[in-house]
1. With axes computed from alpha carbons, what is the tilt in degrees of helix A:55-65 against the longest principal axis of chain A, rounded to the nearest 10 within 0 to 90?
2. In a Gaussian network model over chain A where Cα atoms closer than 10 Å are linked, find which of A:M336, A:M216, A:M24 has the largest mean-square fluctuation.
3. Projecting each Cα onto the charge dipole of chain A (Lys/Arg +1, Asp/Glu -1 at the beta carbon, about the Cα centre), which of A:G220, A:F329, A:S247 comes out farthest on the positive side?
4. Please report the antiparallel percentage of DSSP beta bridges with both residues in the protein assembly as shown, rounded to the nearest 5.
5. To the nearest whole number, what is the average tally of beta carbon atoms from other chains within 10 Å of the beta carbons of peptide A:63-74?
6. Extension gain A:S16-A:D146, at 0.36 nm per residue separation less the Cα-Cα distance, in nm?
7. Whole Å is fine, so just give me how far the alpha carbon centre of segment A:224-291 lies from that of segment A:83-147.
8. Residues of A:44-51, mean number of Cβ from any other protein chain within 10 Å of their own Cβ, rounded to a whole number?
Amino acid sequence: MAYVATRGGERAIEQSERLFREEMGGFDRDRVEEVRKSLPYLIDRVMGEASLYDEDLAALALAQTGGELYEAVLLLRAWRTTQPRLQVAAPIEQDTLFTHRRISAAFKDIPGGQVLGPTLDYAHRILATDVLQGASYAPDPVEPADTPSPAYQPSVSAWQADNDLLDPPAEDPTKGNDIPDLTREPLLFPSKRAHTLQSLARAETGGVLALGYAAMRGYGQAHPTVNELRLAEAEIAVTHPDGRQFSAGRVKVSQAEVVDKKGEKLGIGYAATFGWNEVKCIAAATLDLNSPGAEKGSATEEEFFLYHTEGVESSGFCIHFKLPHYVTFQSSLDAMRDAKAKKAGQSKSSDMEPAE
Amino acid sequence: MDDTLSVLARADGARLKSFAETLIPDLGEIEVLQSRSGLVMLPMRDTAKGVAFHLGEVLMSEAHIRKGDVQGYGMRRGHDLEASMAMALVDLAMATDVRRADCKAFCDAQAEALQKADDDVLRRVEATRVNMETF
């Protein structure tokens, strides 16, 4: 075991951080507020990957890191470890979601109908370059309907189970601290379903998309059809010390069900996350759909995709390679030189006549 | 779910604090057991297998107070200890029959405002309803 000590590094390290922060300058409450208000979908993505819901904290992390997403998520994950856990809320049930967007690619006439909600799906992708010339961009206001949309709808899969297209889910009475929790216990394989879904909920969006896309393109066993995609607000159902249950507020959540034909019934995959991030949910649900029976080491095998979509661990492992590896690398060079010398020696001896 | 507590948890923070402050003289001496922020873990039900799993944690503020044997409790989203304490004060006032009519009027007004805000959202969502036909 050996190491290399570097002299004079302390000043260089301090100056390098200053240089990083110089580009974005100082920040204050107003900048945090501006980030929170103007980038809601980025805030959602960060909260989902941090597994910590608070728009102000997410905006602060983005302002503090200049938008370096891996650093922002790491800051939030680190901060959450300093906080006490007050309670475990009651599980969110599908039919209590305050629904903003609910669509299905499998059935056009799902019970409750389809509402597009907030989306750019059908927008022209034209960059508003006029703004750079001084014009201001103001979106046209929504023209509200006379009657409100029904706030609460059951899942599409519940309707399919009623119609014998799917096996209905089993009853799971687990609640509170009995629900398996990755923040307090390790991820082991085969993974508990609660761990799998928690891990996907906090997974890095790009990683989930890359592996989910691989499955969609054919490197998997099942092709997804979006059974239901929902953007909603969920109640945080907590308990008063006297036993009364109440909603302590709402958080934005997204969830996706994807299905594929599997024998006489449909196979189903599921994923959900904090914030509105439908790409992540569809990709994650696709991985869930594909994971049963997946080949070891394939993109759709549970161990493979859960380990490789954990953003803090994967980005941390990636960037550790830029840290000094002088001793190990020198050792590799020594081995290479040794092998080269041996090869040269063998070659010299094979050139000799047997009698020599 | 308790509707009154649910309304107080989502009520306008500034109005809640102003109203709760007026209750303090009538409530008399109270004991503060807890006033802090922390995290509430939020599980969700998976529709494929029915399993409950953790979605993540939410930053919350909590206040727990007592007057004699009666407890008041507040929990709201985000870091705002004054707002969670205000909620606990209104809860305690209602539980001890302190200015009950005023508390009820405040909660009713807030419930109406929240309902109107929800209706406004849902009428805007309804504007995006699609009816598809197969040709």
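We did not get these values from a lab; they are worked out from the coordinates using the rules stated. Since we're looking at a predicted model, the values are computed, not measured. Reconstructed Cβ throughout: ideal geometry from the backbone, glycine too, with neighbour counts over all protein chains shown.
1. 30
2. Result for chain A, Cα springs under 10 Å: A:M336 fluctuates most.
3. A:F329
4. Approximately 90 percent, going by the DSSP bridge assignments.
5. Partner Cβ neighbours, averaged per residue: 0.
6. Once the chain is fully extended between A:S16 and A:D146, it gains 41.0 nm.
7. 15
8. Partner Cβ neighbours, averaged per residue: 2.
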